[in-house]
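Comments concern the structure below.
The values are calculated or read from the model by the stated rules, or taken from the named source; none is laboratory data. Because the structure is predicted, anything quoted here is derived from the model rather than measured. Reconstructed Cβ throughout: ideal geometry from the backbone, glycine too, with neighbour counts over all protein chains shown. To get the accessible areas, we keep the full protein, side chains included, count just its heavy atoms, and leave off ligands, DNA and RNA. Shrake-Rupley method; radii C 1.70, N 1.55, O 1.52, S 1.80 Å.
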Amino acid sequence: MEPLRIGILGAARIAGRAIAEPARSSGARLVAVAARDRDRAEAFAAEHGVEKVHASYDDVIADPEVEAIYNPLANSLHGPWNLKAIAAGKHVLTEKPSASNATEAAAVGDAAAERGVVLLEGFHYVFHPVTRRLHELLAKGELGDLQHVETTMVMPPPPEDDPRWSLPLAGGAVMDVGCYALHAQRMVAPWAGGAPRLVSARAGERKRLPGVDEWLNADLEFPNGATGSVRTSMAAETLDFSCRIVGTRGEAFAPSFVLPHLDDRVIVTTKEDHWVEQLGRKSSYAYQLEAFTARIRNGAPLPIDADDAVATMTLIDECYRTAGLEPRPTTTL
């Protein structure tokens, strides 16, 4: 396939791992980058082989050589800049979540559909063989009927001045890491009779930062009676990004389902047997970029779409409200 021509909004640390390294391995072209600080953009371009440095995000979007935009900006800037890129006819790979709240996510999805461009929210883990294997175990009945799903996304705290602690920048534990845990619960809906409903949610605010969740725990229930538990925190002592799926015949555990390049194991225990599978350390971001490119180039199907983004954001908003907090506000540029 013709190499995908990508423009990058910002020189965020995640951009190196999530787009620059996958582009190198897939052969995609990094055509342009811009950042609030031009020196940072220049340094990023030099390190990662980006062809051009532009003065502004608008210039990256307007570049005729750029056909797809990667958006790793602060959460509050996902929605507005996704909309700008879509209006210019560019495909968009956006860091999760795609917007600050469900209303904004719906506006982004509607705009992409109207403009006829591909919009992909960066839940990269779903493209990796670790997650595909978890779903395959359910699909083939190797675990029996689904009974319970546990998703844990906890990490040590970022620095106090980190944007992830900012309410105006749509920060908080759920927006940064908990969205993965909630998304993974939604992804088992085909084997649970449908999407989960929220039963309860509890949260704790970061000290001196009212409205910003330091942690949030949620309980869910699926139409078939299976249950789900979500635990997320940005104030834990250690990092734990794990998923456990329990069925009537056994269970499967992925100790690092969101970062499988660090631990690619799926540990399966049934009534008859116990085994460990290793599914490969290739980055989930690389699988994601390959799938995004294949969708643009030949219409290959994607496991998630704009409707999925709205459904996830709706569940996030509901968790916040149930826990006594407000959903993140919409930002106007």
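Does residue 56 satisfy being under 19 Å from residue 284 (Cα atoms) and more than 17 Å from the chain's Cα centre (by Cα)?
Values: under 19 Å from residue 284 (Cα atoms): no; more than 17 Å from the chain's Cα centre (by Cα): yes.
Taking the combined requirement at face value, the residue does not satisfy it.
Could you check the stretch 313-333 and list, in sequence order, the residues that are surrounded by 20 or more Cβ atoms within 10 Å (Cβ to Cβ), closer than 15 Å to residue 105 by Cβ and not charged (D, E, K, R)?
Hits for the stretch 313-333 are 313, 315, 316, 319, 320, 327.
Looking at (1) open to solvent by 10 Å² or more (accessible area, probe 1.4 Å); (2) touching a residue at least 24 places away in the same chain (Cβ under 8 Å); (3) not hydrophobic (A, V, I, L, M, F, W, C), find the lone condition where residue 70 falls short.
Among (1) open to solvent by 10 Å² or more (accessible area, probe 1.4 Å); (2) touching a residue at least 24 places away in the same chain (Cβ under 8 Å); (3) not hydrophobic (A, V, I, L, M, F, W, C), the lone unmet condition for residue 70 is (1).
Which ones in the stretch 73-113 are within 17 Å of residue 316 (Cα to Cα), of a type in the set (Val, Ile, Thr) and open to solvent by less than 20 Å² (accessible area, probe 1.4 Å)?
108
Does residue 111 satisfy being in contact with a strand residue (DSSP E or B) (Cβ under 9 Å, 6 or more places away or on another chain) and without any contact (Cβ under 8 Å) to a residue 40 or more places away in the chain?
Yes; evaluated as a whole, the condition is true for this residue.
Among the residues of the stretch 114-122, is there at least one that is of a type outside the set (A, V, I, L, M), open to solvent by less than 20 Å² (accessible area, probe 1.4 Å), under 30 Å from residue 318 (Cα atoms) and in contact (Cβ under 8 Å) with a residue 60 or more places away in the chain?
yes
Out of the stretch 258-300, which residues are within 15 Å of residue 243 (Cβ to Cβ), charged (D, E, K, R) and surrounded by fewer than 19 Cβ atoms within 10 Å (Cβ to Cβ)?
263, 265, 277
Please indicate, with yes or no, whether at least one residue in the stretch 83-92 is within 20 Å of residue 305 (Cβ to Cβ), in contact with a strand residue (DSSP E or B) (Cβ under 8 Å, 6 or more places away or on another chain) and part of a helix (DSSP H, G or I).
Initially, the stretch 83-92 is screened for residues within 20 Å of residue 305 (Cβ to Cβ), giving 83, 85-87, 89-92.
From the residues that got through so far, the ones that are in contact with a strand residue (DSSP E or B) (Cβ under 8 Å, 6 or more places away or on another chain) too are 85-86, 90-92.
Add one more test, that the residue is part of a helix (DSSP H, G or I), and what stays is 85-86.
Taking every residue of the stretch 83-92 in turn, at least one turns out to be within 20 Å of residue 305 (Cβ to Cβ), in contact with a strand residue (DSSP E or B) (Cβ under 8 Å, 6 or more places away or on another chain) and part of a helix (DSSP H, G or I).
With (1) assigned to a strand (DSSP E or B); (2) open to solvent by 10 Å² or more (accessible area, probe 1.4 Å) as the list, and residue 149 as the residue in question, which single condition is left unmet?
Answer for residue 149: the failing condition is (2).
How about the stretch 6-27: which of its residues are in contact with an Asp or Glu (Cβ under 9 Å, 6 or more places away or on another chain) and not in a helix (DSSP H, G or I)?
6, 7, 11, 12
Quick one: count up the residues across the stretch 28-60 that are open to solvent by 10 Å² or more (accessible area, probe 1.4 Å), in a helix (DSSP H, G or I) and in contact (Cβ under 8 Å) with a residue 40 or more places away in the chain.
The total comes to 1.
Count, please, the residues in the stretch 260-270 that happen to be touching a residue at least 40 places away in the same chain (Cβ under 8 Å) and not in a strand (DSSP E or B).
Counting residues in the stretch 260-270 that are touching a residue at least 40 places away in the same chain (Cβ under 8 Å) and not in a strand (DSSP E or B) gives 2.
Residues that are open to solvent by 30 Å² or more (accessible area, probe 1.4 Å), within 27 Å of residue 282 (Cβ to Cβ) and assigned to a loop (DSSP other than H, G, I, E, B): does the stretch 126-140 have at least one?
yes
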